[in-house]
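Read the structure below first, then the notes.
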Amino acid sequence: MSGGEISPLPELAQDFARDVEVFGGFWRDCAVKFAALPAKPRRDAPQSQQAKAILDHTRAARRAFLATHGRALYDRITHGRSRFLRVEVLVTQATREVPGLMPDAATLAADSARAQKDKDGHEIDQGLFLHHILADAVMGTHLCHAMLLPRSEALELLPKFLRDGKISLDGASAECRDGSCVATISNPRFLNAEDESNLDAIEIAVDLCLLDPRNQICLLRGGPVSHPKYAGQRVFSSGINLTHLYQGKISYLWYLRRDLGFVNKIFRGLARAGAPPDDVAGETDEKLWVAQVDRFAVGGGCQILLVCDYVVAGADAYMTLPARKEGIIPGFANLRLPRFTGDRIARQAIQSERRIACDSPEGRMICDEIAPASGLDAAAEAVAGRFAGSGAFGAVANRRALRLGQEPLQLFRQYAAYYAKAQAQCHFSPQLIENLEKFWNASSRKV
């Protein structure tokens with residue numbers, strides 16, 4: 001590559017080692033050309049066009065490489081699928097195995113310091129890679145399996161949890177009660193929003209509740225918040241932290257870690273290394289989940305309700321899925337919400353920001369019980385107690401049977417494959433920035 005010209009795409013030789021070397025050299029040359037351009041905010045129109053041309057060209061090469069060598073690469077990294085790697089580890093290992101296939105650590109570190117609007121979207125290449133892996137039934141099922149295994153941190157904390165009955169983490173907590181476990185989401189300054197600061201903690205808390213052998217019922221709720229409007233009160237969740245999203249503090253992988261991680265664990269339970277997490281060919285260790293909706297379940301909070309077995313909501317609570325105004329896909333709600341409300345209401349909620357009061361005919365399609373806001377803790381705990389008192393074995397068998405008819409693992413995997421690619425593109429779309437500035441006044445929000 002020389003001057004302003006971009007080298008032609010290299011030809012595939014069907015030899016993994018040779019193609020890694022040749023394509024790696026091509027990507028290095030393109031990276032040098034890209035690095036010679038000014039940073040995104042300082043580019044003029046021709047420079048912006050050149051940046052886009054380089055990114056498009058290198059992505060065409062990545063698609064071609066993955067189409068030929070994707071399975072070989074995955075098998076090399078996972079030792080013939082004998083190792084289970086989470087998405088964040090998988091992309092790191094793949095980048096080391098095939099330099100240039102995805103952004104390296106230095107590129108990601110540099111991007112992490114930039115506002116979302118000033119990023120070039122290098123993480124889209126992670127989305128293309130994960131799309132390719134998840135779209136393949138063999139690799140994709142193995143990756144879904146990996147994401148359903150209990151986290152090592154949870155296994156390390158389990159003895160303490162069993163001894164003390166409670167674990168408090170920075171962003172979530174888990175507590176053992178008589179007959180049930182309680183997982184609490186905590187991000188008090190941001191109305192229990194989800195972001196990079198609490199995602200791991202929420203998943204560890206969910207894991208601990210599922211690993212506890214003393215009960216079969218779990219209760220999910222939000223903790224008290226410090227926002228002046230609700231100071232000291234519980235709220236369920238305000239969804240993704242839009243302030244952090246605008247400021248570039250949420251990585252692309254956050255979406256996949258969330259929806260293939262703790263949300264799917266609530267829905268399917270924890271996998272075992274020796275058995276596939278498929279309801280027909282294998283099984284998981286799962287429990288019934290009761291959700292307690294204080295005040296509101298916005299965005300991701302509403303998405304979580306769709307994987308719970310029973311929802312108790314305050315009489316003043318409401319639900320929204322404002323992802324269109326945010327410019328992103330609302331997790332797996334597009335797959336799940338129509339099962340609850342029917343297609344038309346689901347489209348209105350997702351595409352037109354329809355607000356749904358929990359204590360309304362539409363809200364009761366999602367919420368099972370409405371209670372006074374002042375007595376919501378007691379109402380949710382009473383529901384958990386009723387489930388515990390009647391035994392959970394048959395209830396868990398029935399939730400598996402329902403899931404098999406509604407969302408078997410392969411349907412989940414196929415949706416995840418599309419989501420991996422489409423959400424990466426949405427995450428770096430100019431429309432996302434425009435929407436956040438227009439509807440969220442994001443540019444004036446404090447860190």
- Message: Could you work out the relative contact order of the chain? I mean the mean sequence separation of Cα pairs under 8 Å and 6+ apart, divided by the number of residues, in percent.
- Response: 15 percent
- Item | Square roots of five times the Cα gyration tensor eigenvalues for the stretch 227-318, Å | 29, 20, 9
- Sort largest first and round to whole Å: the equivalent ellipsoid semi-axes of the stretch 304-447, each the square root of five times a Cα gyration tensor eigenvalue. 31, 22, 13
- Divide, for the stretch 50-101, the radius of gyration over alpha carbons by 2.2 N^0.38 Å, where N is the residue count. 1.28
- Assuming R0 = 51 Å, what is the FRET efficiency of residue 32 and residue 316, from their Cβ-Cβ distance, to the nearest 0.05? 0.30
- Note on the structure: Fraction of alpha-carbon pairs in the stretch 362-408 farther than 13 Å apart, rounded to whole percent, equals 69 percent
- Summing -39500 (n - 2.57) over every DSSP H run of at least 4 in the chain, dividing by its residue total and rounding to the nearest 500, the 222 nm mean residue ellipticity is -15500 deg cm²/dmol
- Message: Quick check of the Kirkwood formula: for the stretch 212-260, what is the inverse mean of 1/r over all pairs of different Cα atoms, in Å?
- Response: 13.7 Å
- Item | Candidates 17, 371, 135: whichever shows maximal mean-square fluctuation once the chain is modelled as a Gaussian network with Cα springs under 10 Å | 17
- Item | Distance histogram for the stretch 150-407 (every C-alpha pair counted, 5 angstrom bins, percent rounded to whole numbers) | 1, 6, 14, 18, 21, 19, 13, 6, 2, 0, 0
- Item | Average projected area [Cα convex hull, the stretch 7-129], square nanometres | 7.7 nm²
- Task: Excluding residues on the same chain fewer than 8 positions from residue 52, give the lysines whose Cα lies under 29 Å from its Cα.
- Result: 33, 40, 117, 119, 249, 325, 421, 438
- Item | Normalised alpha carbon radius of gyration of the stretch 382-432 [divisor 2.2 N^0.38 Å] | 1.86
- Message: Let's test the formula: R0 of 41 Å, r as the Cβ-Cβ distance of residue 21 and residue 431. What FRET efficiency results, to the nearest 0.05?
- Response: 0.60
- Message: Starting from the 7 Å offset along Cα-to-Cβ, what nm value, one decimal, do you get for the label separation of residue 281 and residue 118?
- Response: 4.8 nm
- Query: What whole number of Å gives the distance from the Cα centroid of the stretch 316-394 to the Cα centroid of the stretch 1-76?
  - Reply: 44 Å
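When N counts the residues of the chain, how does its alpha-carbon radius of gyration compare numerically with 2.2 N^0.38 Å, as a ratio?
1.01
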- Extending each Cα 7 Å along its Cβ direction at residue 83 and residue 109, get the distance between those two points in nm, one decimal. 2.3 nm
- Item | Computed FRET value (nearest 0.05) for residue 439 with residue 378, which takes r as the C-beta separation and R₀ as 22 Å | 0.05
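All of the numbers you see were taken from the coordinates with simple rules; none came from a lab. Bear in mind that the values here come from a model prediction, so they are computed numbers and not experimental data. Using ideal geometry, Cβ is built from the backbone for each residue, glycine included, and neighbour counts are taken over all protein chains shown.
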